[in-house]
1. Once you list every other residue whose beta carbon is under 15 Å from the beta carbon of residue 210, what net charge do they have if Lys and Arg are +1 and Asp and Glu are -1?
2. What shape does the chain have by the C-alpha gyration tensor, where a ≥ b ≥ c are the square roots of the eigenvalues, rounded means a/c under 1.5, and otherwise prolate means a/b greater than b/c and oblate the rest?
3. Using only the Cα atoms of segment 217-295, what do you get for the radius of gyration and for Dmax, in Å?
4. Taking the Cα centroid of segment 11-25 and of segment 223-298, what is the distance between the two, rounded to the nearest whole Å?
5. On a 31 Å Cα-Cα criterion, which of the cross-link pairs 27/160; 188/253; 22/224; 82/253; 160/230 come out too long?
6. Please compute the Cα-Cα pair-distance distribution of segment 84-211 with 5 Å bins starting at 0, giving whole percents from short to long.
7. Write down the percent of antiparallel bridges among all DSSP beta bridges whose residues are both part of segment 1-133, to the nearest 5.
8. With all distinct Cα pairs included, what does the Kirkwood hydrodynamic radius of segment 13-82 come out to in Å, to one decimal, could you say?
Amino acid sequence: MRASLSLPKVRGTLTQNAPLAKLVWFKAGGVADWLFEPADVDDLRAFLAELDPAVPIMPLGLGSNLIVRDGGVPGVTIRLHKPFAGIETEADHTLRCGAGAHGVLIASTARDAGIAGLEFLRGIPGTLGGFVRMNGGAYGRETADVLVECEVVLRNGSLKTLPVAELGYTYRHSQLPEGAVVVGARLKGEAGDPAAIGAEMERIAQARENSQPVRTKTGGSTFKNPEGEKAWQLVDAAGCRGMMRGGAQVSEKHTNFLINTGSATSADIEQLGEDVRAKVRENSGVELEWEIQRVGRK
């Protein structure tokens, strides 16, 4: 983006050429032309209402399921952090959460309030905005099962509430309006015993620790599970466990995870994923689909 681009005045923080590698789990990738961290919903609304409609925007959550390409991200990257991380308990076993709220905190708040059914969020690295956008799920449940409605700021700055039925949820996909930024949502569970809820959260946390490379620079599940099959089994059967390209490696612990061993570029990581897709296609005839989002200029 040209340095001379005129951007709207904000109350939050607006940074040019902001490094994104430190904000994503892979710890790789280029810069954002502009990084906007709004002070609140009204700040975000005013900014988008005034921003040239031709300027692309990209919401950024925890960066746990994202490859930011080495050429950087054009336009404005919007990061919803602390002002959007609030969680409130409402009647009828419901939570109202900001889009920046972490899954583990949502699950913990539900536990403390005796709300069951949200334990699976403990097992998804990320924030609510990403869960809503991607129908995030784990351990047999997904966001569509617990979402009542979400609040979004549309590209023109207007605020809209969308019930779950309007989101067109399928596996790891929603039909959110183009350019919409999720700012909050209501999640509904059911009455439960805090001790039992806590035990289930611990089980999920331990299962994740045991099976996934959670202590590495990784990016969550790389490929969607094809109908009736497990992506990791297809990757393993194709002989890809431990396969490398540059500083990127297919995890030895869980083959549906790619890891940055320390020196990987985003190009290394993405190309390794394409290498894996090619080997799986050759071995089983299955065309794996990316689950990780890949954004920016190559």
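Computed from the coordinates by the stated procedures, all read-outs in this text should not be read as laboratory data. Model, not experiment: these values are computed from the prediction. Here the Cβ positions follow ideal geometry from the backbone for every residue, glycine too, while neighbour counts run over all protein chains shown.
1. Net of charged neighbours comes to +2.
2. Values: a/c = 1.83, a/b = 1.08, b/c = 1.70.
Since a/c reaches 1.5 but b/c is at least a/b, the shape of the chain is classed as oblate.
3. For segment 217-295, the Cα radius of gyration and maximum Cα-Cα distance read 11.3, 36 Å.
4. 27 Å
5. 27/160; 188/253; 82/253; 160/230
6. Histogram of Cα-Cα distances, whole percents per bin: 2, 12, 22, 24, 19, 11, 5, 2, 1, 0.
7. Looking only at bridges with both residues in segment 1-133, the antiparallel portion is about 60 percent.
8. Details: mean 1/r = 0.0815 Å⁻¹.
Evaluated over segment 13-82, this radius sits at 12.3 Å.
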